[in-house]
Amino acid sequence: MPQLRQNIITGEWVVIAPERAKRPSDFVGRKTSIRPDAGEESVFRVGGDAWKTRHKEFDTKNIFVIPNKYPAFLEGPQNLSTRAHQVEDRFYLIRPSIGGHDVVVIKDENTVGPTKFNQTVWQDLFLTFKRRYQYFDSVNSNYYSMPIYNYKPEAAASIWHPHAQIFCSPVVPNNVRRELEQTRRYFELNGVNVFSDLVAHEQKQKIRVIAETRDYLAFTLYAARFPFETWIVPKFHMAHFMSMSDKLIAQLAKICRIVFGKLDNALDDPPLNFFIHSAPNSEKNAPYYRWHMEIGPRLSNYGGFELGAGMVIDVVSPENAARYLRGEDTDD
């Protein structure tokens with residue numbers, strides 16, 4: 001029967017209703033190709049117009065970084081006040097949308113996307129994220145930075161060339177703010193970081209774990225917001241992604257190759273989004289929080305209930321999703 005489950009990190013409720021869907025294998029191969037025209041010239045090609053605008057100090061073997069042509073947050077005048085002010089007869093609040101918005105481009109356009117990244121591409125990508133975190137923190141110390149990756153049109157990728165983005169915002173995003181509030185409350189009540197308890201619980205239960213290394217645990221989320229939602233959580237405490245050492249980044253690249261390989265094998269290279277949540281730059285010491293990576297295959301759409309209630313219905317149980325990703329039979 002359907003279940004209501006609460007996300008222990010955000011406090012939000014979701015409905016797990018596998019009876020409303022078919023088997024996990026029915027999600028395979030339902031989406032379109034990321035590259036509708038194989039002969040199309042890449043706008044992000046090395047040597048092209050976009051490449052010429054790159055931040056040269058952030059070049060790596062596999063990556064270059066350019067400012068977004070249409071930024072959501074404008075990196076600009078540092079003396080511009082970010083203070084909110086009232087408009088329309090002092091009824092609404094408004095503030096400048098400044099900070100930063102970069103595109104992180106994989107040089108080899110034939111790499112396709114994250115389900116096919118090799119170890120060095122993953123490492124260069126995460127090292128670049130870290131360096132851009134550090135850069136934005138140096139110029140906007142109280143702002144919030146978040147890297148994201150949209151893969152295929154169903155996940156809002158408008159350009160087929162493999163690329164990520166990193167945003168720097170003067171406000172903490174709503175989802176992250178809810179995580180911070182809930183994890184702080186858990187810490188105050190129990191005296192322990194909820195991510196430590198979460199990792200220990202998932203290791204003990206084993207039913208949702210899909211990959212594990214010395215430093216990281218990957219599992220389908222107990223209160224998943226969509227089919228096959230997967231989190232990668234470090235086993236060690238670290239609130240800020242930009243504190244990661246090169247060695248820990250190499251290990252993160254390793255488990256990402258495993259996890260995205262499983263998604264590729266089980267779901268036939270699905271469209272997906274991933275993003276990294278980290279503690280705000282202004283909170284230098286956050287013992288209650290831990291950075292982590294969230295991966296969301298885009299295999300279903302939200303309907304009227306989800307939009308109206310702000311509560312989603314997931315039609316594949318996380319336990320069944322994990323078994324399927326591990327290659328175990330779930331169709332009986």
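The values are calculated or read from the model by the stated rules, or taken from the named source; none is laboratory data. Just so it is clear, the structure is predicted and the values come from calculations on it, not from any experiment. Cβ atoms come from the backbone with ideal geometry, glycine included; neighbour counts cover every protein chain shown. Protein only, heavy atoms only, side chains kept; ligands, DNA and RNA dropped before computing areas. Shrake-Rupley method; radii C 1.70, N 1.55, O 1.52, S 1.80 Å.
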Query - Residue tally, condition in contact with a strand residue (DSSP E or B) (Cβ under 8 Å, 6 or more places away or on another chain), basic (Lys, Arg) and open to solvent by 60 Å² or more (accessible area, probe 1.4 Å), over region 199-217 - result: 0
Query raised in the report: Can you name the residue in region 18-76 that is under 30 Å from VAL312 (Cβ atoms), out of contact with any Ser or Thr (no Cβ under 6 Å at 6 or more places or on another chain) and at pLDDT 85 or above and is also least open to solvent (accessible area, probe 1.4 Å) among such residues?
Result: ASN68
Report summary line: Given the conditions (1) farther than 26 Å from LEU299 by Cα; (2) open to solvent by 10 Å² or more (accessible area, probe 1.4 Å); (3) part of a helix (DSSP H, G or I); (4) not small (Gly, Ala, Ser), every one holds for ILE258 apart from (1)
Query raised in the report: With respect to the numbered conditions (1) more than 30 Å from GLY327 (Cβ to Cβ); (2) at pLDDT below 95; (3) open to solvent by less than 50 Å² (accessible area, probe 1.4 Å); (4) not basic (Lys, Arg), which one is the sole condition not fulfilled by THR183?
Result: (2)
Query raised in the report: With GLN134, GLN123, GLN165 as the choices, which residue is open to solvent by 50 Å² or more (accessible area, probe 1.4 Å), within 18 Å of the chain's Cα centre (by Cα) and in contact (Cβ under 8 Å) with a residue 24 or more places away in the chain?
Result: GLN123
Query - Matching option when the condition is open to solvent by 40 Å² or more (accessible area, probe 1.4 Å), under 26 Å from VAL46 (Cα atoms) and among the β-branched types (Val, Ile, Thr), among VAL104, VAL112 - result: VAL112
Query - Per-region count, region 291-323, residues under 18 Å from ALA156 (Cα atoms) and of a type in the set (Asp, Glu) - result: 1
Requested in this report: Give the residue that is farthest from TYR135 (Cα to Cα), with candidates limited to residues of region 223-241 that are open to solvent by 10 Å² or more (accessible area, probe 1.4 Å) and either basic (Lys, Arg) or touching a His at 6+ places or on another chain (Cβ under 9 Å) (or both).
Outcome: ARG225
